[in-house]
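Quick notes on the structure that follows.
The values are calculated or read from the model by the stated rules, or taken from the named source; none is laboratory data. Remember, it's a predicted structure, so these values are computed and weren't measured experimentally. Positions of Cβ are backbone-derived with ideal geometry, glycine not excepted, and every protein chain shown enters the neighbour counts. Please note that ligands, DNA and RNA were not included when accessible areas were found on the heavy atoms of the full protein model with its side chains. Shrake-Rupley method; radii C 1.70, N 1.55, O 1.52, S 1.80 Å.
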Amino acid sequence: MTNHLLAAQTALVTGASGNIGRAIARRLAEEGAAVAVHCHTAVEAAQEAASEIVALGGRATVVRGDLSDEATCHRVVREAAEWGGGRLTALVNNAAVQPVQPLPGMTAADWRAVVDTDLTSVFACTQAAAEIMRGLPGGGTVTHIASIEATHPAAGHAHYSTAKAAVVMHARAAALEYGRLGIRVNSVSPGLIDREGLAEAWPEGVRRWQEAVPAGRLGSAEDVANAVVFLASPLASWITGHDLVVDGGVSARPTW
């Protein structure tokens with residue numbers, strides 16, 4: 001285990017049992033952070049992620065909770081900080097759901113199920129973490145995982161795209177209000193990230209992406225994780241309120 005950019009840091013990664021979250025947790029640990037791995041129901045996957053970090057010589061624990069509930073957000077952040085000896089220096093708001101539902105016929109309950117998980121949890125976890133970070137000598141960092149769908153909506157993703165657009169703005173608003181407390185807040189907006197079985201499940205979408213993206217490939221979870229490590233590290237000490245797009249350049253492509 002190398003100890004470089006994030007030595008002595010304690011991090012919480014929400015939704016760390018999934019593809020991107022697991023990669024983020026691993027990369028934070030590889031750079032020296034002790035990592036609290038959060039999950040809602042995928043306990044086995046979270047435990048595997050934590051065990052992988054420990055096997056590499058790092059420190060990890062699993063925290064559980066439904067982050068669509070405000071009180072649970074505060075509890076999860078508190079448990080991560082208590083495990084870290086009263087310190088939490090990095091929060092990564094990665095937990096999200098992404099159902100496909102046409103906007104006509106979508107109910108308010110459908111809408112809230114996505115917004116509460118993808119957006120309200122970001123607000124609540126950030127607020128809870130900031131109360132801890134503001135008392136630390138070096139402050140802390142918060143990184144939201146947004147999406148290029150924040151500016152390029154996809155059909156069937158109205159609730160998701162809207163929530164992610166709000167996540168980007170929340171990072172800017174939080175950077176403004178928490179900056180004087182030594183807390184930096186940024187977002188990372190990934191493009192299409194490869195995962196096991198994606199090419200088989202969505203061959204047409206993968207083909208269209210590969211034809212459109214200047215970098216010539218799908219993204220990897222590690223691409224996103226590397227961006228998070230950078231923003232949480234001293235290398236980004238004067239970067240806050242920024243949305244770092246990680247999409248292989250596809251957003252630069254003309255749409256007409």
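Quick look at the values:
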quantity	calculated
Options Gly241, Gly249, Gly197, Gly205; residue that is without any contact (Cβ under 8 Å) to a residue 24 or more places away in the chain and at positive phi	Gly197
Residue in the stretch 42-61 that is least open to solvent (accessible area, probe 1.4 Å), counting only those that are at pLDDT 95 or above and part of a loop (DSSP other than H, G, I, E, B)	Gly58
Residues located in the stretch 161-186, provided they are of a type in the set (Gly, Ala, Ser) and part of a helix (DSSP H, G or I)	Ser161, Ala163, Ala165, Ala166, Ala171, Ala173, Ala174, Ala175, Gly179
Ala201 vs. criteria open to solvent by less than 40 Å² (accessible area, probe 1.4 Å) and either among the aliphatic types (A, V, I, L, M) or at pLDDT 95 or above (or both)	no
Test: residue in the stretch 71-87 that is of a type in the set (S, T, N, Q), open to solvent by 40 Å² or more (accessible area, probe 1.4 Å) and either assigned to a helix (DSSP H, G or I) or farther than 23 Å from Leu231 by Cα (or both)	no
Filtered residue count, the stretch 11-33, keeping only those that are open to solvent by less than 10 Å² (accessible area, probe 1.4 Å) and under 20 Å from Ala81 (Cβ atoms)	11
For Asp223: the one exception among (1) open to solvent by less than 50 Å² (accessible area, probe 1.4 Å); (2) touching a helix residue (DSSP H, G or I) at 6+ places or on another chain (Cβ under 8 Å); (3) under 30 Å from Leu6 (Cα atoms)	(2)
Condition broken by Glu149, with the remaining ones in (1) over 20 Å from Ile20 (Cα atoms); (2) part of a helix (DSSP H, G or I) satisfied	(1)
